[in-house]
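Let me begin by presenting the structure, written as structure tokens, before commenting on it.
The values are calculated or read from the model by the stated rules, or taken from the named source; none is laboratory data. Worth saying up front: this structure is predicted, and the values here are computed from it rather than measured. A quick note on method: Cβ atoms are made from the backbone with ideal geometry, for glycine too, and the neighbour counts reach across all protein chains shown.
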Amino acid sequence: MKKHIGKTEMNEENRLMKKQYDYLLVGSGLFAGVFAYHAKKAGKTCLVLEKREHAGGNIYCENIEGINVHRYGAHIFHTSNREVWNFVNSLVEFNRYTNSPVANYKGEMYNMPFNMNTFSRMWGISTPEEAKKIINEQRKVIKGEPKNLEEQAISLVGTHIYQKLVKGYTEKQWGRDCKELPAFIIKRLPVRYTYDNNYFNDLYQGIPIGGYNVIIDKLFEGCDVETGVDYLENREKYDALGDCIVYTGTIDSYYGYQYGKLEYRSLRFESQVLDTDNYQGVAVVNYTDRETPYTRVIEHKHFEFGTQPKTVITREYPADWEEGMEPYYPVNDERNQDLYSRYAKLAEKEERVIFGGRLAEYKYYDMDKVILSALERAKKAGL
């Protein structure tokens, strides 16, 4: 399926002298979008190729019952970088949404991140001194350097918080027992001795008014966009169209898996329209027991303070990634990092290909970090 957004006019003489497009962008997520935006501002022509049937990558939203549904999981924008914040606000106005998820452990409700509201609910206490005393006492059960994720988590937050709010959720996410996971996966667990439910510490956060599709449309305005196409299956055809390629797909597939395949974690989403105006009273509820098969339930209307008569919820299930599934999170173990470094060395030798984004860089990126990376890469390209 081909969709044109402001098709660039070029005379036939110019077409014969140079390739049809200055930039061929593979993928249409934030990295490609920010790069394309600056390329267009610099007078460059862009062709965007997207494997899915829509542009926008994982920030794409569907409008259901008048609600902007985050199709690929909750996306809350947050940053402390003024340049990034100013850039996104030049595209769209953001609302005042503050991420304040709640954890459900077998029907017990706890505020996240771990703060005085959490500790008061768990232990019936009221002061920071009481909370510190309990946590510090529990942390002592770990002697020496933590050998796995379980020991690492207990050394940070103690046994009670680990058992109720970390263990089950993490094991569902990774599909493995916490004792089998490396300690470095959790470098820190935020513990606040204040009554503060704001999940992020960043200076700025919010949701774009009207949903993330407003940003997508602005970023790719003036580009030619083809959806439902596979660049790698038609590489020769598409490479002939662009002077420079901006590749945001999986880096191992770009090189034909010549060193082997990188591993990922995937996700599965089940959405449902409910005939109620308010299902859970908050946008995100984490289910932290091991028995509940999903990790969280998202109620999308709360991202934008919706008052619609119905609601849409999405249950999020972690999944082992297999060929054909969407890759979401890199598996940051030694084997995969060594493998990625080999592919990265190949990428460094490319003269007309720019690799960017979480899949091409095999990196977990928050949205603001992807945008910053793309801004820097665009500047480096002289845009």
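So is Glu53 out of contact with any Ser or Thr (no Cβ under 6 Å at 6 or more places or on another chain) and charged (D, E, K, R) or not? When the stated conditions are applied, Glu53 does not pass them. Taking the criterion of being without any contact (Cβ under 8 Å) to a residue 12 or more places away in the chain and within 19 Å of Asp338 (Cβ to Cβ), the residues of region 228-260 that qualify are Gly256, Tyr257, Gln258. A residue that is polar (S, T, N, Q) and more than 30 Å from Gln337 (Cα to Cα) can be found somewhere in region 159-180.
Across region 303-328, the qualifying residues are those that are among the β-branched types (Val, Ile, Thr) and surrounded by fewer than 20 Cβ atoms within 10 Å (Cβ to Cβ), and the one among them that is nearest to Tyr105 (Cα to Cα) is Ile313. Among the residues of region 249-271, those identified as surrounded by 15 or more Cβ atoms within 10 Å (Cβ to Cβ) and farther than 19 Å from Lys363 by Cα are Phe269, Ser271. You will find that of Ser126, Ser155, Ser120, Ser100, the residue that is touching a Lys or Arg at 6+ places or on another chain (Cβ under 6 Å) and either among the polar types (S, T, N, Q) or assigned to a loop (DSSP other than H, G, I, E, B) (or both) is Ser155 and no other. Please work out if Ile207 is in contact with a Pro (Cβ under 9 Å, 6 or more places away or on another chain), at pLDDT 95 or above and buried (at least 21 other Cβ atoms within 10 Å of the Cβ). No, not satisfied. For region 223-248, what are the residues that are assigned to a strand (DSSP E or B), over 23 Å from Tyr362 (Cβ atoms) and among the hydrophobic types (A, V, I, L, M, F, W, C)? Once the filter is applied, which keeps residues that are assigned to a strand (DSSP E or B), over 23 Å from Tyr362 (Cβ atoms) and among the hydrophobic types (A, V, I, L, M, F, W, C), region 223-248 yields only Val225.
Within region 154-183, being in contact (Cβ under 8 Å) with a residue 24 or more places away in the chain and either in contact with a Pro (Cβ under 8 Å, 6 or more places away or on another chain) or aromatic (Phe, Trp, Tyr) (or both) holds for Tyr169, Lys172, Gln173, Trp174, Gly175, Ala183. Among residues that are within 26 Å of Asp202 (Cβ to Cβ) and not assigned by TED's automatic domain parsing to the domain that holds Lys179, Val84 is included. Looking for something farther than 15 Å from Glu50 by Cα, among the aromatic types (Phe, Trp, Tyr) and in contact with a strand residue (DSSP E or B) (Cβ under 9 Å, 6 or more places away or on another chain) - is there at least one such residue anywhere in region 175-192? No. What are the residues in region 334-360 that are touching an Asp or Glu at 6+ places or on another chain (Cβ under 8 Å) and part of a loop (DSSP other than H, G, I, E, B), if any? Scanning region 334-360 gives a single hit, Arg352. Restricting Asp217, Asp230, Asp196, Asp202 to those that are under 22 Å from Tyr105 (Cα atoms), surrounded by fewer than 19 Cβ atoms within 10 Å (Cβ to Cβ) and of a type in the set (Asp, Glu) reduces the list to Asp196.
Rundown of residues vs (1) surrounded by fewer than 17 Cβ atoms within 10 Å (Cβ to Cβ); (2) hydroxyl-bearing (Ser, Thr, Tyr); (3) outside any loop (DSSP other than H, G, I, E, B), yes/no style:
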site	(1), (2), (3)
Val273	yes, no, yes
Ile298	no, no, yes
Lys301	no, no, yes
Tyr362	no, yes, no
Tyr365	no, yes, no
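For Arg176, the criteria (1) buried (at least 19 other Cβ atoms within 10 Å of the Cβ); (2) more than 15 Å from Val26 (Cα to Cα) hold in every case but one, which is (1). Filtering Glu145, Glu150, Glu137 for residues that are surrounded by fewer than 16 Cβ atoms within 10 Å (Cβ to Cβ) and at pLDDT 95 or above leaves a single hit, Glu137.
In this entry, Val331 passes the filter for residues that are under 23 Å from Asn148 (Cβ atoms) and surrounded by 14 or more Cβ atoms within 10 Å (Cβ to Cβ).
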